[in-house]
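Notes for the one structure printed next.
The values are calculated or read from the model by the stated rules, or taken from the named source; none is laboratory data. All of these numbers come straight from a predicted model, not from anything done at the bench. Neighbour counts are summed over all protein chains in view; Cβ atoms, including those assigned to glycine, are modelled from backbone coordinates with ideal geometry. Only protein heavy atoms, including side chains, enter the accessible area calculation; ligands, DNA and RNA are left aside. Shrake-Rupley method; radii C 1.70, N 1.55, O 1.52, S 1.80 Å.
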Amino acid sequence: SAQAKLRQMELEQTYSILKAPFEGKIAKRNVEEGQTIVSRLQAEPLIMLVENSRMKARIQAPASAINRFTQGKTLSVQVGEHEFVGEISMVGIEPVSKDSGIFYDVDISFPTKDEFLRAGQAASVIMP
């Protein structure tokens, strides 16, 4: 009986450890250590993780130039003093209206090497 109870406690302990599927940083924590969590009532995420090794730059391309952007195409992304080589990972289908015309979202995914970047930092995409 004691062995079964020990195994049950060890199993429950493994369920209480969170492991990320990638290397990253904790961006937001909505729980405190030791806090009891009832999953049926929890509406917001417990922890938000961000990946260290990849970032995404989003630009809005004008409708007149959207055909120059194709998924998989390589572009350079400059963040501050650093330049990275990225690949177009998404070309929007739905237009985004602006005062100056119709634009489409384009996402460029790029590895950050050893640089630590934060979401929301200004970036420039360099067109070939």
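Here are a few things to note about the model shown:
- Just one of (1) closer than 24 Å to A27 by Cα; (2) in contact (Cβ under 8 Å) with a residue 24 or more places away in the chain fails for P45. It is (2).
- Residue match in the range 100-120 (condition: in a loop (DSSP other than H, G, I, E, B), loosely packed, with under 10 Cβ neighbours inside 10 Å and in contact (Cβ under 8 Å) with a residue 40 or more places away in the chain): yes
- Of the criteria (1) open to solvent by 100 Å² or more (accessible area, probe 1.4 Å); (2) part of a strand (DSSP E or B); (3) free of Cβ contacts under 8 Å to residues at least 24 places away in the same chain, which one R58 fails: (3)
- Residue within the range 66-74 that is of a type in the set (A, V, I, L, M) and surrounded by 16 or more Cβ atoms within 10 Å (Cβ to Cβ) present: yes
- Of all the listed residues (K56, K98), the sole one being at pLDDT below 90 and of a type outside the set (V, I, T) is K98.
- Checking the range 33-45 against the condition returns no match, with no residue being assigned to a strand (DSSP E or B), under 29 Å from R118 (Cα atoms) and of a type in the set (G, A, S).
- Considering each residue of the range 13-22 in turn, none proves to be open to solvent by less than 80 Å² (accessible area, probe 1.4 Å), of a type in the set (D, E, K, R) and within 30 Å of P111 (Cα to Cα).
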